[in-house]
There are 2 protein chains.
Amino acid sequence: MTTLLVLDADPLPRLGRLTGRVRIEHADASTLAERLPYADVLLVWDFTSHAVRRAWPGEGPRPRWVHTASAGVDHLMCPELAASDTVVTNARGIFDQPIAEYVAALVLALAKDLPRTWDLQRRREWRHRESRRLAGTRACVVGSGPIGRAIAEKLKALGVMTALVGRTPRAGVHGPEDLDRLMARADWVVSAAPLTEATRGMFDARRFGTMQPSACFVNVGRGQLVVEDALAEALSKRWIAGAALDVFEHEPLGPDSPLWEVPGLIVSPHMSGDTVGWRDELGAQFVELYERWEAGKPLLNVVDKKRGYVPGH
Amino acid sequence: MTTLLVLDADPLPRLGRLTGRVRIEHADASTLAERLPYADVLLVWDFTSHAVRRAWPGEGPRPRWVHTASAGVDHLMCPELAASDTVVTNARGIFDQPIAEYVAALVLALAKDLPRTWDLQRRREWRHRESRRLAGTRACVVGSGPIGRAIAEKLKALGVMTALVGRTPRAGVHGPEDLDRLMARADWVVSAAPLTEATRGMFDARRFGTMQPSACFVNVGRGQLVVEDALAEALSKRWIAGAALDVFEHEPLGPDSPLWEVPGLIVSPHMSGDTVGWRDELGAQFVELYERWEAGKPLLNVVDKKRGYVPGH
């Protein structure tokens, strides 16, 4: 019988469907290394854990398939896994629409000055302001996978002229060489790129310096895409008008982080993709993939381990 | 030469274009009654002032045309004006898209739990929550004029199944007899109706009682459409999950109003339609209407004074 090793504190629902067909074992960060040689399949769903990256390089056989119930794979990739025959799959598709809606919510909140509205409400102050019209503004969405594309579609539905930037230029997608130019004229720059060696720290002081003073920055990709100190400086010095971060270099953000109080910055706790029912959907998606694997059919959502994401259309 | 009487503290831009063609005089609430008999045209733009309603019933001739640079006409209508030959026009069209975007911002903020995110940020607390997916939810938009229709279009663009309710049932518009049923199954009830004797206080305890406990209420019409105490009670007792008011029975809302602190209520200062450049647009619209009037062409945006709004398609 196949051994499915689940790395988690908080088990995914829907795995009950596999009862009797698979031996499900659980591991945590401290036991993963010793269990890895005995697992056929590894299911990971804590995207904040680096346990796989730490345990993988050890001795012994390794699972033939690793599935992560997340869109990003940065938390588990290591050279030894990349070089191995093990197939890595991700949760492609589950988070697209929720994250696109979340970005729309943040962009509209920034356009309509809602953070200040909340602040004034708390102080019982009636202060009328003019806000921005969203339709007709320009966005630059960085990341051309399904999440970036869903964000671009959502913003277009709201009348925003949206350019998409990816690693490889193709129809409807600009290449990295266009990024500075597109950022310079965007009202909204949205980061939804995978975290790879090519994208780490890509939003730095120089790039924030290219943005318009009226523009805002939103990150729903990975915290390490952004040089956080540079963003804080850009906001404090009013190089840009506002920002929203849902992801951070270190998560959870500690109570002593200066980011909580950077002026014009909205801080949310990595929740953009997590709408009611998301864990059910992740569980159901894994069961569907498992049944393909069991039947000898090709897996879906297979990650290009060298690039660090599922190559797209 | 035509005398244009402008009732305002804060003059509208763009009237300079009429220089030399019209005598522009200004009045405030205290001088309006004595000036009315000498004015051919009255331009009103302070929707919070009831000066016209108070001054109109007096003696003497009256302007042949009254334009209000607002969508609602409730602040100026009185039986004597309704019965007169004076034509009343409004700012139909200017506020549609801005208000539709503002409603989308509020609905998304409620769906994505942004008010709580702000609150937690202020307390430097990282607390992950699941939020709601907007696509696939149901909205009931009350008010089938251009603003209500623009709101419905915007919500539909976000994947929300949206029903529109107006005074007269027609293609794509439900009549008042469907309101209770539509409110009972809506996730979002949006009030964008004109204030008339038929709509005053229409959102009362009984109607909030028909809503689902997970549903939210948004008012961008006029404050008097809502029984504010009933809404506060519905929120406090969790009959409904959240609400946002941009308009109030008494504006500006005083610092001692209990509404500022009703749980789950977003309070904003009547700003939904006021995007950067709105006063220019209102001024330009009046100039365009003035030039039609001067040329003897029929005016646009003519209010049905008995109904209290511009009859639509």
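Every read-out reported here was derived from the displayed coordinates using simple, explicitly stated rules and does not represent laboratory data. Since the structure is predicted, the reported quantities are computational estimates derived from the model, not experimental observations. A quick note on method: Cβ atoms are made from the backbone with ideal geometry, for glycine too, and the neighbour counts reach across all protein chains shown.
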Residues with amide H under 5 Å from that of A:ALA27, placed H, sequence gap 5 or more: A:VAL6, A:LEU7, A:ASP8
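Rounded to a whole number, what is D in µm²/s for the stretch A:97-253 from Stokes-Einstein with the Kirkwood radius over alpha-carbon pairs (37 °C, 0.692 mPa s)?
Details: Rh = 15.8 Å.
Rounded to a whole number, D works out at 208 µm²/s.
Over 22 Å between Cα atoms: which of A:LYS112/A:LYS156; A:LYS237/B:LYS112; A:LYS112/A:LYS154 fall into that group? Show your work: numbers first, answer last.
On the way: A:LYS112/A:LYS156 18 Å; A:LYS237/B:LYS112 29 Å; A:LYS112/A:LYS154 17 Å.
From the list (A:LYS112/A:LYS156; A:LYS237/B:LYS112; A:LYS112/A:LYS154), the Cα-Cα distance tops 22 Å for A:LYS237/B:LYS112.
Of all alpha-carbon pairs in the stretch A:82-134, indicate the percentage at a distance above 14 angstrom. Please report the intermediate quantities before stating the final value.
Numbers: 947 of 1378 pairs.
When all Cα pairs of the stretch A:82-134 are counted, 69 percent exceed 14 Å.
In Å³ and rounded to a whole number, note down the convex hull volume per residue for the Cα atoms of the stretch B:1-137.
Cα-based convex hull of the stretch B:1-137, divided per residue, equals 173 Å³.
Kindly rank A:48-56, A:251-259 from highest to lowest mean number of other beta carbons found within 10 Å of each residue.
Working: A:48-56: 18.1, A:251-259: 14.2.
Descending packing order for the listed peptides: A:48-56, A:251-259.
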Dmax and Rg, reported as Rg then Dmax, of chain A (C-alpha, Å): 20.8, 67
Position A:PRO61, label points 7 Å along Cα→Cβ, spacing to each other copy in nm (shortest first, one decimal): 10.2
10 Å Cβ shell holding at most 12 others, DSSP loop, GluC sites (Glu not before Pro): longest site-free stretch of chain A: A:60-196
Cα-Cα separations in the protein assembly as shown greater than 36 Å, expressed as whole percent: 46 percent
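In the stretch A:170-216, how does Rg compare with the Kirkwood Rh, expressed as the Rg/Rh ratio over alpha carbon atoms?
On the way: Rg = 11.1 Å, Rh = 11.6 Å.
Taking Rg over the Kirkwood Rh, I get 0.96.
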Cα-based shape type of the stretch A:157-236, given that a ≥ b ≥ c are square roots of the gyration tensor eigenvalues and the cut on a/c is 1.5: oblate
Distant-in-sequence amide H partners of B:TRP56 (H built 1.01 Å from N, under 5 Å): none
Principal axes of the stretch B:207-249: Cα extent on each, largest first, Å: 24, 15, 15
Binned Cα-Cα distance frequencies in the stretch B:259-313 - 5 Å width, integer %: 4, 14, 12, 14, 19, 12, 10, 7, 4, 2, 1
Pairwise Cα inverse-distance average, inverted: Kirkwood Rh of the stretch B:210-305 (Å): 16.0 Å
Using a 7 Å Cα-to-Cβ projection, B:THR3 label spacings across copies, nm, ascending: 9.7
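Determine the sum of side-chain charges near A:GLU59: Lys and Arg each +1, Asp and Glu each -1, restricted to other residues whose C-beta is under 12 angstrom from that of A:GLU59. Mind showing how you got there, number by number?
Details: positive: A:ARG62; negative: A:GLU34, A:GLU80.
With Lys, Arg at +1 and Asp, Glu at -1, the neighbours total -1.
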The stretch B:1-79 - Rg (one decimal) and Dmax (whole number), Cα, Å: 11.8, 35
Label-point gap, in nm, between A:ALA29 and B:THR31 - each point 7 angstrom along Cα→Cβ: 7.4 nm
Per-bin percent of Cα-Cα distances, the stretch A:137-202 [5 Å]: 4, 20, 31, 28, 12, 3, 1
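Where both partners of a DSSP beta bridge lie in the stretch A:71-204, what percent of those bridges are antiparallel, to the nearest 5? Mind showing how you got there, number by number?
Values: 1 of 11 bridges.
About 10 percent, rounded to the nearest 5.
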All lysines inside 25 Å of B:LYS305 as judged from Cα atoms, apart from same-chain residues fewer than 8 positions distant: B:LYS297
Residue among B:VAL310, B:LEU289, B:VAL276 farthest towards the positive dipole end of the stretch B:259-313, charges placed on Cβ: B:VAL310
DSSP beta bridges in the protein assembly as shown [antiparallel fraction, %, rounded to 5]: 5 percent
